[in-house]
Amino acid sequence: MINEFTEISPSEFFYRNRDLAGFSNPSRALYSAVRELLENSLDACELHNILPEIFVRLTPMDFDMNSQDPKAYMIKVQDNGSGIEPKYVPKAFGQVFFGSKFQLRQSRGMFGMGGTMAILYGQITTNKPVRITTSVDGIQAFTFDLLIDVQENTPIILRKDSHPAEGSTGTMISLTLEGDYSRASQKILDYLKQIAMVTPYANITFIDPYGRLFLYDRVTKTIPIPPKETLLHPYGTDVEAIRRMIKRSKQDSMVEFMSKNFHRVGKNIAKKFLDYAGFDQNTDPKTLSNDEITKLVRALHRYDGFLQPDASCLSPLGEEILMTGIKKELEPEFTTATTRPPSAYSGFPFIVEVGLAYGGKILPKGLKLFRFANRIPLLYDEANDVTSKVLNEEIDWKRYRIPEDAPLAIITHVCSTKIPYKTVGKEYLADRPELERELKNAIREVLRKLSLYLSKKVSIEMDKRRFNIYGKYLPLIARFSKELSEAKRLPDYKKLLDKKMFQKDIEEYINIK
């Protein structure tokens, strides 16, 4: 038997393995499409310091809501972001692995293919083209109707025209796919509520297939500082990365190559490292053999003189924004948050933020966990996430004297240039020791604050009960004293019942909140 060898394009690969990108069935596909398109819109706004105005609508194509799912739905997502240059639109939406997410900086997407996968899934289930309208200047807008050539991984432009933008910038994308809203509805609504929690600076409008309107209003105008693009840290390199860096480098000496291509490596550190690794500082990097490149990489991983990565390429929410979002969506009795100092794993910087909500009318009894990575809500596979491991195995709950059925929510957010997902589906985080340590320290910090609050709350309530007892018996004691002493007037006991005597405790109570 003769074996035939063939190749397939990236589009063909994901066409055959769509479940790897979260499009395994009509229910999951509808949720994934909404998620991917909405996150692209948020990125387009946040990276340019634009307060997001996002509109999302799901429309059934047969207009008969009594017909059974799965069926065709049109998804429309519109934003007021920076827009996309017309020359990039066909490839950005019609070619897998073409996008703006491949720089080394924090972003919601990792592979730049989420929106394209939604378009591809829509095409293979309904055979409908996608429509994209975009404007970068608010003067002129461009509209494209596209299909994807799956075998060639190239866009097919069916229509292109321009028209006045009337002052509006941003992008609108409309695609049709087979979905199952009856099964996906709760996940979509949970996702929108959680995305609103970590983007309280956004206005998000959602209209579901039944015509119901869901508004997630902006409650702050503060936007996190956008992340900056950075260089690769020496600890995060491998042989292939170094080979590519050497190929495109313009430096003719190793000391220049090291100081120009690596994060936080100046000439002094470069010289010390090259002496440690046994390389001549004046050697042209393009003359290195394969064995020498391997030797260089091993030395990069062993050398302990490199500075840790800084956090300029990251964009944490910050305690103020996180607490604002928690209060908006959960309306708790008590809330607190903490942002840990920057740390790193394998040369990739990351920051852990943890918020806590207690009580109120919305939270049910028991512990509720909300997980986020680069501001993306993680709704699936909670039990496999490193945060669940920390909460179940690393935290001594008895130490904080929190009742088991307390209405409590823990909110975790990890931001990094490379989130350590365990799967391509991006739903739960691996148990990296560095990440586990930071999560544990942050959770302990917010639990200590809650424990202090609960302790003070008990003291205040005891004071109130004591005050009520005084209020009940002091008038009787005063009357008996008058009768026994045969005095003409009652003793002035009202000063003892002055509520100002408890003002200090109440102020402390409010400050803790």
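Every number here is computed from the coordinates shown, using simple stated rules; none is lab data. Model, not experiment: these values are computed from the prediction. Note that we place each Cβ from the backbone using ideal geometry, even for glycine, and neighbour counts take in every protein chain shown.
Restricting the GluC sites (Glu not before Pro) of the range 179-265 to loop positions (DSSP other than H, G, I, E, B) with no more than 16 neighbouring Cβ atoms within 10 Å leaves 229. Overall shape of the range 317-420 was characterised from the C-alpha gyration tensor. The equivalent ellipsoid obtained from it has semi-axes of 23, 17, 13 Å, in decreasing order.
Straight-distance candidates among the aspartates and glutamates for linking to residue 160, with alpha-carbon spacing under 14 Å and chain neighbours fewer than 8 residues away dropped: 85, 145. Calculation over all alpha carbon pairs of the range 328-389 in 5 angstrom steps from 0 returns a P(r) of 4, 13, 20, 23, 22, 10, 4, 3, 0 percent. Residue separation of residue 250 and residue 238 scaled by 0.36 nm, minus their Cα-Cα distance, works out to 2.3 nm of gained length.
Stretched out straight at 0.36 nm per residue, the stretch from residue 275 to residue 384 would grow longer than its current Cα-Cα span by 34.8 nm. Within the same chain, aspartates and glutamates fewer than 8 places from residue 398 are excluded, and of the rest, those with a Cα less than 19 Å from its Cα are 445. Take the alpha-carbon centre of the range 300-344, take the same for the range 119-133, and report the distance between them in whole Å. Between the Cα centre of the range 300-344 and that of the range 119-133, the gap is 38 Å. For 11, 485, 27, 455, the sequence from fewest to most other C-beta atoms within 10 Å is 485, 455, 27, 11.
Give 87/247; 267/295; 368/456 a once-over and call out the pairs whose C-alpha atoms are over 22 Å from each other. Kindly include the intermediate steps, with their values, before the conclusion.
Numbers: 87/247 28 Å; 267/295 20 Å; 368/456 24 Å.
Flagged as over cut-off: 87/247; 368/456.
Enclosing the Cα atoms of the range 296-341 in their convex hull gives a volume equal to 120 cubic angstrom per residue.
Please rank 375, 57, 159, fewest neighbouring Cβ atoms within 10 Å first, as an exposure proxy. Each step should come with its number before you reach the end.
Working: 375 23, 57 18, 159 10.
By the 10 Å Cβ count, ascending, the order reads 159, 57, 375.
Among 304, 79, what is the fewest-to-most ranking by other Cβ atoms within 10 Å?
Numbers: 304 6, 79 27.
With the fewest neighbours first, 304, 79 line up as 304, 79.
For the set 128/193; 76/418; 128/328; 228/361, the pairs lying more than 32 angstrom apart at their alpha carbons are 128/328; 228/361.
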